[in-house]
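Trainee: Let me give you the structure first, and then I'll get to my questions.
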Amino acid sequence: MILFLIIPSFVISQDTISITYGDKIRLGRVAENYEFEIQCLDSVFYLKKKEIDEFVFHKPGIYSVKPKEIIETKYFGKKIESDEKPHLPSSFSVLVDSIKMVFFPNTIRMNHPFVVNHDMAYALLMIDCKIKNYYKNPINFKAKKLILKTAGIGAEVEGELFEIEKTDSIDIYTLTYQLKGKLNNPGYIQLDFEKLNGEIIPLGWHEEIK
């Protein structure tokens, strides 16, 4: 498993990372003596050392990634272990989805503000999002029920996407979520938005809950 190596927004099932086209992966602390082979169909890429964090997955598809430790020094016939040696699997997959969703945090608005101990059953939350299909095909927004969740002490509010409206801007949509639940404590919360491929995008709420 490579769960602890990847930033929280990635979706990981066993040795698979799910992202969307144009994204990168972050393996965190990778030793200098590692290189990577990335293969997708007939394309093969060879990356040295920490170049893996800067590699952009431009096209959708399933990529096979094989880390390889480069042994440069031996001592009496035994290799010298790196102090930064990561616990990488022998190989893992990167599933690159064809639908990109980019949320715009500064567009979040509500018909009722978050208030401590207030039932949010009739509250609506809206956010603008850029949604684009790599293949330029129509997007089936009903293929999955997208949800959002709040994270924080005593945060028990959830939302389900029930309306998507195209704006006047190219590829920009307004997503409207029906909320339910309560916030039981004052303080700050985080909003976790689900993307069509299952990725979770965390956005901090811009003001203190009172």
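The values are calculated or read from the model by the stated rules, or taken from the named source; none is laboratory data. This structure is a prediction, so every number in the text was calculated from the model and none was measured. A quick note on method: Cβ atoms are made from the backbone with ideal geometry, for glycine too, and the neighbour counts reach across all protein chains shown.
Trainee: For segment 159-185, what are the residues that are of a type in the set (Asp, Glu) and touching a Ser or Thr at 6+ places or on another chain (Cβ under 7 Å)?
Mentor: If the condition is that a residue be of a type in the set (Asp, Glu) and touching a Ser or Thr at 6+ places or on another chain (Cβ under 7 Å), then Glu163, Glu165 are the ones that fit.
Trainee: List the residue pairs whose Cβ atoms are under 9 Å apart, where the first residue sits in segment 19-46 and is without any contact (Cβ under 8 Å) to a residue 24 or more places away in the chain and over 24 Å from Ile201 (Cα atoms), the second is assigned to a loop (DSSP other than H, G, I, E, B) and among the hydrophobic types (A, V, I, L, M, F, W, C), and the two are 6 or more positions apart or on different chains.
Mentor: Phe45/Phe55
Trainee: Quick one: what pairs do we get from segment 152-173, first residue without any contact (Cβ under 8 Å) to a residue 60 or more places away in the chain and within 17 Å of Asn133 (Cα to Cα), second in a loop (DSSP other than H, G, I, E, B) and of a type in the set (Phe, Trp, Tyr), C-beta under 8 Å, 6+ apart or different chains?
Mentor: The qualifying pairs are Ile164/Phe141.
Trainee: Within segment 3-35, track down each residue that is at pLDDT 50 or above and part of a strand (DSSP E or B).
Mentor: Thr16, Ile17, Ser18, Ile19, Thr20, Asp23, Tyr34, Glu35
Trainee: Starting from segment 99-126, take each residue that is polar (S, T, N, Q) and list its partners that are in a loop (DSSP other than H, G, I, E, B), counting only C-beta distances under 7 angstrom and pairs at least six apart or across chains.
Mentor: Asn111/Ala123; Asn117/Lys182; Asn117/Asn184
Trainee: Quick check on this structure: which one of Lys149, Lys180 is basic (Lys, Arg), over 26 Å from Ile25 (Cβ atoms), modelled with pLDDT of 95 or more and touching an Asp or Glu at 6+ places or on another chain (Cβ under 7 Å)?
Mentor: Just one listed residue meets the conditions, Lys180.
Trainee: Can you tell me which of (1) loosely packed, with under 12 Cβ neighbours inside 10 Å; (2) at pLDDT 95 or above is the one Lys142 doesn't meet?
Mentor: (2)
Trainee: Among the residues of segment 36-70, how many are touching a Leu at 6+ places or on another chain (Cβ under 9 Å), more than 27 Å from Asn197 (Cα to Cα) and outside any strand (DSSP E or B)?
Mentor: Qualifying residue count for the region: 0.
Trainee: Suppose we filter segment 199-210 for residues that are within 15 Å of Gly159 (Cα to Cα) and either under 13 Å from the mean Cα position of the chain (by Cα) or part of a strand (DSSP E or B) (or both); how many remain?
Mentor: 4
Trainee: Could you list, in sequence order, all residues of segment 96-139 that are within 30 Å of Phe57 (Cα to Cα), modelled with pLDDT under 95 and surrounded by 14 or more Cβ atoms within 10 Å (Cβ to Cβ)?
Mentor: Ile139
Trainee: Looking only at segment 153-210, which residues are charged (D, E, K, R) and closer than 30 Å to Asn140 by Cβ?
Mentor: Glu158, Glu160, Glu163, Glu165, Lys166, Asp168, Asp171, Lys180, Asp192, Glu194, Lys195, Glu199
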